[in-house]
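The values are calculated or read from the model by the stated rules, or taken from the named source; none is laboratory data. Please read all numbers here as calculations on a predicted model, not as lab measurements. All Cβ positions, even for glycine, are placed from backbone atoms using ideal geometry, and neighbour counts span all protein chains on display.
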Amino acid sequence: MVMSNYNGETVIAEVESLLLGDAHVVRIHLEDGTTGIGQSAFWGYPAAIHAMMEYFRPALIGEDGMRREHIAQLLYRMGPFRGAALSAAVAAVDIALWDIVGKRMGVPVWQLLGGRVRDRVRLHKLIDGMTPETILAECVEAAEMGFTAVKFDPVPSDYFDLTTVALVGQIRDVVGEVRAALPATDLILELHRKFTPAQAIAVGRTVGDFDLAFWEDPIQIDTMTTQVAVAEAVGLPIGLGERFHTVWEFREFLEQGAVHFVRPDVGLAGGISGVRKIAVLAEAHHSALSLHNCLGPLLTAATLHVDVAIPNFSSQDYTLLDEGLTDFTTGGPVRDGGFLLLPEAPGLGIELVEDPQPQQLVARRIHEVPIRGDGSPAYSV
């Protein structure tokens, strides 16, 4: 394959695909010895991305590793099949290539994205508690740590067998207790696509009394028209997009006015290159980016560089679990209270440890669908 390059130094020599538990990481090597790392966020089926890299590897080797957009287009269009798995695999490669370019130029990736537009990056802490007591305690603790925003799931574990009035009442009580304890903290409701449209409207009209920053993913993402209908019926700021994987999906939702907080994941929606395009679309529609991120410090680092360089950023998902994964990466983002500091190291500013260990980045058992009392799957509508 004959490609333009800088005297051969930037040609891709090797591509490693590392399946580490439910973490999938790509490491790319140039002829000059520069390496870059990236990670996919297709966490339900990481082995699928690992297998897909076997198709990508021969297409990548021999390419000029500085040509990020060219390579992204090449990989996305090399076969007649598309979908989230493909976009996630492209994302991992794209992130690794941005890491490489930053290292070769001796600057952090955010410098390559137009430079910084902020001095630090605001976080909203992901709350792990699943009972009213633990949710409240963790939200209060987060505020005491310096976080100015929290995101939690107020839905009871038996939601699928509750009457609408009981469901609405329990959620209202949880959100009300958190708001009473934290009158000056931004609250974001993570609903994990659990509701039917009718339930979502009933819940949304109730929690609107608590001055939410936004609510997120109240229903399944199968159709745009239903999402728009729910958003219009409730009237609350809504966040969508963590499962979207192309710029075109985001364009359609933005054009319908159906999303106020755009939620791409840099490891799913085409990498740093893809999310930058989504950010520009959102800016044109006066929508903010609140980036999805829950899969460890490598993707946190990649997301951070985008946050630093876009004007329409609001806040980023953050879990304290990142800070304990010392058997996975070294370096990486530094937190100061409820903010991340600007990285100054070349590239992403994070590296895999010498012998990275398998990770369990998603604690819950994702392939077990809850079953209603009548025997039907709970996520159906």
Given the condition outside any helix (DSSP H, G or I), surrounded by fewer than 16 Cβ atoms within 10 Å (Cβ to Cβ) and charged (D, E, K, R), answer yes or no: does some residue in the range 10-18 qualify?
yes
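Here is a yes/no grid of residues against (1) modelled with pLDDT of 95 or more; (2) surrounded by 16 or more Cβ atoms within 10 Å (Cβ to Cβ); (3) out of contact with any helix residue (DSSP H, G or I) (no Cβ under 8 Å at 6 or more places or on another chain); (4) not acidic (Asp, Glu):
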| position | (1), (2), (3), (4) |
| --- | --- |
| Ala137 | yes, no, yes, yes |
| Glu144 | yes, no, yes, no |
| Pro156 | yes, yes, no, yes |
| Tyr159 | no, yes, no, yes |
| Val175 | yes, yes, no, yes |
| Val203 | yes, yes, no, yes |
| Phe214 | yes, yes, yes, yes |
| Ile219 | no, yes, no, yes |
Please verify whether Val280 is free of Cβ contacts under 8 Å to residues at least 24 places away in the same chain and of a type outside the set (Gly, Ala, Ser), treating the condition exactly as stated.
yes
Quick test of your reading of the structure: Pro311 fulfils all but one of (1) part of a loop (DSSP other than H, G, I, E, B); (2) without any contact (Cβ under 8 Å) to a residue 60 or more places away in the chain; (3) surrounded by fewer than 16 Cβ atoms within 10 Å (Cβ to Cβ). Name the failing condition by number.
(2)
Filter the range 263-287 for residues that are among the aliphatic types (A, V, I, L, M) and buried (at least 22 other Cβ atoms within 10 Å of the Cβ); the one that is farthest from Tyr76 (Cα to Cα) is Ala282
Of the conditions (1) part of a helix (DSSP H, G or I); (2) over 20 Å from the mean Cα position of the chain (by Cα); (3) within 30 Å of Gly349 (Cβ to Cβ), the single one that Trp110 does not satisfy is (2)
Test: Leu123 is in contact with a Gly (Cβ under 7 Å, 6 or more places away or on another chain) and of a type outside the set (Val, Ile, Thr)
yes
Report, by residue number, each residue of the range 316-330 that is in a loop (DSSP other than H, G, I, E, B) and crowded, with 16+ Cβ neighbours inside 10 Å.
Thr319, Leu325, Phe328
Picked from the range 42-62 (must be part of a loop (DSSP other than H, G, I, E, B) and out of contact with any helix residue (DSSP H, G or I) (no Cβ under 6 Å at 6 or more places or on another chain)), the residue farthest from Thr300 (Cα to Cα) is Gly62
Quick one: in the range 361-381, of everything that is part of a loop (DSSP other than H, G, I, E, B), over 25 Å from the mean Cα position of the chain (by Cα) and modelled with pLDDT of 75 or more, which residue is nearest to Leu126 (Cα to Cα)?
Arg372
May I ask you to verify whether Thr300 is surrounded by fewer than 17 Cβ atoms within 10 Å (Cβ to Cβ) and in the same structural domain as Asp128 (by the TED database)?
no
For the range 215-223, check the following and say yes or no: at least one residue is in contact with a Lys or Arg (Cβ under 9 Å, 6 or more places away or on another chain), under 28 Å from Ile37 (Cβ atoms), among the acidic types (Asp, Glu) and not in a helix (DSSP H, G or I).
no
Could you run through the range 73-83 and say how many residues are surrounded by fewer than 20 Cβ atoms within 10 Å (Cβ to Cβ) and either in contact (Cβ under 8 Å) with a residue 12 or more places away in the chain or charged (D, E, K, R) (or both)?
7
Filter the range 177-193 for residues that are in contact with a strand residue (DSSP E or B) (Cβ under 8 Å, 6 or more places away or on another chain) and of a type in the set (D, E, K, R); which is farthest from Glu242 (Cα to Cα)?
Arg179
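Residue by residue, here is whether (1) outside any helix (DSSP H, G or I); (2) within 21 Å of Ala378 (Cβ to Cβ) holds:
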residue: Ala137; (1), (2): no, no
residue: Val155; (1), (2): yes, yes
residue: Phe160; (1), (2): no, yes
residue: Val174; (1), (2): no, yes
residue: Ala184; (1), (2): yes, no
residue: Leu189; (1), (2): yes, yes
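Looking at Phe244, Phe250, which is the one that is within 28 Å of Ala85 (Cβ to Cβ) and assigned to a loop (DSSP other than H, G, I, E, B)? Break it down into steps so the answer makes sense when it comes.
Working: Phe250 fails: assigned to a loop (DSSP other than H, G, I, E, B).
On inspection, the qualifying residue turns out to be Phe244.
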Any residue at all in the range 238-248 that's surrounded by 24 or more Cβ atoms within 10 Å (Cβ to Cβ), in contact with a Leu (Cβ under 7 Å, 6 or more places away or on another chain) and either closer than 27 Å to Val306 by Cβ or without any contact (Cβ under 8 Å) to a residue 40 or more places away in the chain (or both)?
yes
